[in-house]
Amino acid sequence: MHPSHQSIPEKPHSLWVNINIATMAGNRAYGQIEDGALAVCGERIAWIGKRCHLPRDLKNNAFHVYDGNQGLMTPGFVDCHTHLVYAGNRAKEFELRLKGASYEDIARQGGGIRSTVRATRQADETSLLKQSAVRLMALMREGVTTVEIKSGYGLDLATELRMLCVVQKLGERYPLTVVPTFLGAHALPPEYEGKSDAYIDFICAEVLPEVAARSLASAVDAFCEGIGFTLDQTRRIFMAAKKLGLAIKLHAEQLSDMGGAALAAQFGALSADHLEYVSEAGVKAMAAGGTTAVLLPGAFYFLREKRVPPIECFRYYQVPMALATDCNPGSSPTVSLLLMLNMACTLFCLTPEEALAGVTRNGARALGLEDVIGTLERGKNADFAIWDVSEPAELAYHIGSNPLKQLVVKGRMIRERRRHAYYW
Ligand SMILES: [Zn+2]
């Protein structure tokens, strides 16, 4: 009972002890702190370091002390590229293809992205919210505390706005941080068949200004590809986005080298994503523009792609590599960021440390949030996960198991596992 009244900090704080911490900051491997401690005041990290260096005041006056049971604490995961708001799924199409149907057969039967567009246009806000929340919670169950979500299955004004409203509601109703991106130029809607320039006009003149006026997106994305939109059309989208003060991201060089990554970098894009076919010139431009490379091994795997992104080149030019699920019904129907850690190592030969940086520090960079989240440092958001593993590489090593023990978002405990029961 000794601490006097005066020595109690102004605001109550919580303390986590008996943990090893992968801060993902600084120069040491994983920024590791053995036998660490972390104090949280409000939504922020108030102190982090070795337990033996913990100031006495913090130790004695903690409102609540949590025992990490020698688990590993990492920053909360950032899934910086998802399309998780959509209706229906494409399992039928998956099955048809494996029974030998061609892409043409499937398109003729109304399959492909257009089937998701049709289902999403038909879904009302409540149904869309319900279906999407299931995926959001699944991400959270594997340590995700920040998620980016794109529109792009509406491709008309009403549905694009409805998708973004659902994204906003997910952010209001669930504890994790949700970052919305407008992806009107995802595909050409059927009513614009053969008129892609007119569709870009429509996006730039009618949809984008409405999205910006309602503050429904912080960034604009496009699908620059032979089967998507041209470099010129992408440039027009970027110019319209810049005028409205929105950040830029791009689906670039997934299936061919269109020069999209370099264009995005010239516009100061936060990220260029996929990048299997990016050239050295593209990578150099990304380095100069401060653009993060977002790698999406789930889509690479699901589409049985052969060409891997030029990892050595990203390393050489020091382009930060982020990693995301690309959660979407057509090419990456996954809600497991842990699986992406494994796939990034097995398919793209990232090191486990690079993979973990991809879903923490560099995931935050890809969203322009590196000052707030992505590493465990004093003053940053108290977003972290505690895992039942003895070393960080285990997070990328295991396949199909989930060692998450505790998840904290902005200082708030989200989940605890006790005797295999789950509490939310
Ligand atoms: Zn995508």
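The values are calculated or read from the model by the stated rules, or taken from the named source; none is laboratory data. Note that the structure is predicted; figures quoted are calculated from it, not measured. Cβ: placed from backbone, ideal geometry, glycine included. Neighbour counts: every protein chain shown.
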Those residues of the stretch 333-353 which are of a type in the set (A, V, I, L, M) and surrounded by fewer than 18 Cβ atoms within 10 Å (Cβ to Cβ), in sequence order | LEU347
Determine, yes or no, whether ALA293 is buried (at least 22 other Cβ atoms within 10 Å of the Cβ), at pLDDT 95 or above and more than 18 Å from the chain's Cα centre (by Cα).
-> no
Starting from the stretch 356-368, take each residue that is closer than 15 Å to HIS81 by Cβ and list its partners that are assigned to a helix (DSSP H, G or I), counting only C-beta distances under 8 angstrom and pairs at least six apart or across chains.
-> GLY358/LEU341; GLY358/ALA344; VAL359/LEU337; VAL359/MET340; VAL359/LEU341
Looking at this structure, is VAL85 of a type outside the set (S, T, N, Q), in a loop (DSSP other than H, G, I, E, B), over 19 Å from VAL372 (Cβ atoms) and at pLDDT 95 or above?
-> yes
Output the number of residues of the stretch 161-197 satisfying the condition of being in contact (Cβ under 8 Å) with a residue 60 or more places away in the chain and either of a type in the set (S, T, N, Q) or touching a strand residue (DSSP E or B) at 6+ places or on another chain (Cβ under 8 Å) (or both).
-> 11
Listed by range, strands (runs of 3 or more DSSP E) wholly within the stretch 263-334 having at least 2 residues that are closer than 17 Å to ALA222 by Cα, touching a strand residue (DSSP E or B) at 6+ places or on another chain (Cβ under 8 Å) and within 16 Å of the ligand (Cβ to nearest atom) are 271-274, 292-295
Of the numbered conditions (1) touching a Leu at 6+ places or on another chain (Cβ under 6 Å); (2) aliphatic (A, V, I, L, M); (3) assigned to a loop (DSSP other than H, G, I, E, B), LEU376 fails exactly one; give the number of that condition.
-> (1)
Is there a residue being closer than 24 Å to GLN266 by Cα and surrounded by fewer than 20 Cβ atoms within 10 Å (Cβ to Cβ) anywhere in the stretch 143-165?
-> no
Mind checking which residues of the stretch 99-131 are over 23 Å from GLY228 (Cβ atoms) and either acidic (Asp, Glu) or part of a helix (DSSP H, G or I) (or both)?
-> GLN122, ASP124, GLU125, THR126, SER127, LEU128, LEU129, LYS130, GLN131
Check whether at least one residue in the stretch 28-36 is touching a strand residue (DSSP E or B) at 6+ places or on another chain (Cβ under 8 Å), closer than 30 Å to ASP273 by Cβ and not in a helix (DSSP H, G or I), and report yes or no.
-> yes
Has the stretch 206-220 got any residue that is within 16 Å of the ligand (Cβ to nearest atom), crowded, with 18+ Cβ neighbours inside 10 Å and over 21 Å from the mean Cα position of the chain (by Cα)?
-> no
